[in-house]
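Chemist: Take this structure, written in structure tokens, and hold onto it; I'll ask about it next.
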Amino acid sequence: KGVLEAKLEEYNETVASMNLVLFDAAMEHISRIARIISLPVGSALLVGVGGSGKQSLAKLSAFLLTYDVVRIVVTSNYNTNDLKTDIQGMFIKAGVTGAQLLFLLTDGQITNNRFLVPINDLLSSGWIPELFASDELDGILGKVRAEAKSNGYLDTPDQLFAFFLDKVRKNLHLGLCFSPVGDAFRFRARMFPGIINCTSLDWFHEWPRAALIDVAARFLADVSLPREELRDAIAQHMAQVHLSIGDANAEYLKAER
């Protein structure tokens, strides 16, 4: 916990401010995500309802490993070609300069299910057909020629491409942040099997009572109260209210379907 809190402080100073409470369950998720994406060809599928901390914990995990986090900016005009252009930049960073990247993608950014065609290809084989024009690919292979030869690869187009692709797969990791609510996740998993087969799954369950009390205590720390013992009682109450919603949801589903 001390190590992670120090890293979180460093993240807040150097990257952006993240108000995270590192309770036990959160630290376990950070450990899992970091372990998954530290592996060559390691990509993570983070499944949990909105607000469960998937993106924040993935960013901190990437920071621990000194990876660069890459995100896409989806507008109303953003299409599959724009996504491929963004992925081209990632391939060049990972395969030519050797940067370690975590490409963080949320289900909210998938405005069109066609976006998942290149993502599925990327997860399944590491390569997206027709990603680069032939002259662009020749230029890229020329940039990795010297490094490939020094690693024992032959100076042929096939061998240079194999070296480039191997380097991309080792350095480019995906973090897919999906919600299990509704039918979208089930449909996408069936249509694009790479999402399930080629990732390691980390399921974000409901936060336990101890975690909710820790978070409540953090937010109450700056609040002035007439008596100090009220602080703990209010934190306990906030956790209880939060947990009671789960019970109410179950009753509502049973009564109203």
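Chemist: Can Ala25 be described as at pLDDT 95 or above, in a helix (DSSP H, G or I) and either over 30 Å from Ala133 (Cα atoms) or under 14 Å from the mean Cα position of the chain (by Cα) (or both)?
Modeler: When the stated conditions are applied, Ala25 does not pass them.
Chemist: Pick from Ala25, Ala6, Ala44: which is surrounded by fewer than 21 Cβ atoms within 10 Å (Cβ to Cβ) and either within 22 Å of Asp121 (Cβ to Cβ) or without any contact (Cβ under 8 Å) to a residue 12 or more places away in the chain (or both)? Lay out the reasoning, then the answer.
Modeler: On the way: Ala25 fails: either within 22 Å of Asp121 (Cβ to Cβ) or without any contact (Cβ under 8 Å) to a residue 12 or more places away in the chain (or both); Ala44 fails: surrounded by fewer than 21 Cβ atoms within 10 Å (Cβ to Cβ).
Within the list Ala25, Ala6, Ala44, the selection yields Ala6.
Chemist: Out of the residues in the range 194-224 that are open to solvent by less than 40 Å² (accessible area, probe 1.4 Å) and of a type in the set (Gly, Ala, Ser), state the one that is farthest from Leu45 (Cα to Cα).
Modeler: The first filter runs over the range 194-224 and keeps only residues open to solvent by less than 40 Å² (accessible area, probe 1.4 Å), leaving 194-195, 199, 202, 204, 211-213, 216, 220.
Among the residues that remain, those that are also of a type in the set (Gly, Ala, Ser) are: 194, 211, 216.
Details: Gly194: 11, Ala211: 22, Ala216: 28 Å.
Selected residue: Ala216.
Chemist: Scan Asp138, Asp155 and give me the residue that is in contact with a helix residue (DSSP H, G or I) (Cβ under 7 Å, 6 or more places away or on another chain) and farther than 30 Å from Gly51 by Cβ.
Modeler: Details: Asp138 fails: in contact with a helix residue (DSSP H, G or I) (Cβ under 7 Å, 6 or more places away or on another chain).
Step by step, each of Asp138, Asp155 is checked, and only Asp155 is in contact with a helix residue (DSSP H, G or I) (Cβ under 7 Å, 6 or more places away or on another chain) and farther than 30 Å from Gly51 by Cβ.
Chemist: Restricting the search to the range 57-67, which residues are surrounded by 18 or more Cβ atoms within 10 Å (Cβ to Cβ) and under 21 Å from Val21 (Cα atoms)?
Modeler: In the first step, residues of the range 57-67 are kept if they are surrounded by 18 or more Cβ atoms within 10 Å (Cβ to Cβ); the result is 57-64, 67.
Selection gives Leu57, Ala58, Lys59, Leu60, Ser61, Ala62, Phe63, Leu64.
Chemist: Does the range 161-181 include one or more residues that are more than 30 Å from Asp232 (Cβ to Cβ), modelled with pLDDT of 95 or more, more than 22 Å from the chain's Cα centre (by Cα) and among the small types (Gly, Ala, Ser)?
Modeler: Checked against the condition, which is being more than 30 Å from Asp232 (Cβ to Cβ), modelled with pLDDT of 95 or more, more than 22 Å from the chain's Cα centre (by Cα) and among the small types (Gly, Ala, Ser), the range 161-181 yields at least one hit.
Chemist: Now for a different question. Restricting attention to the range 165-187, and to residues there that are touching a residue at least 60 places away in the same chain (Cβ under 8 Å) and not hydrophobic (A, V, I, L, M, F, W, C), which single residue is nearest to Gln100 (Cα to Cα)?
Modeler: Step by step, filter the range 165-187, then rank; the result is Asn171.
Chemist: Show the residue pairs meeting these rules: Cβ distance below 9 Å; 6+ apart or different chains; first residue within the range 74-85 and in contact (Cβ under 8 Å) with a residue 40 or more places away in the chain; second residue open to solvent by less than 40 Å² (accessible area, probe 1.4 Å) and in a helix (DSSP H, G or I).
Modeler: Lys84/Pro118
The values are calculated or read from the model by the stated rules, or taken from the named source; none is laboratory data. Predicted model, so just to flag it, every value in this text is computed and none were measured. Note that each Cβ is placed from the backbone with ideal geometry, even for glycine, and that neighbours are counted across all protein chains shown. These accessible areas exclude ligands, DNA and RNA; they are computed on the full protein's heavy atoms, side chains included. Shrake-Rupley method; radii C 1.70, N 1.55, O 1.52, S 1.80 Å.
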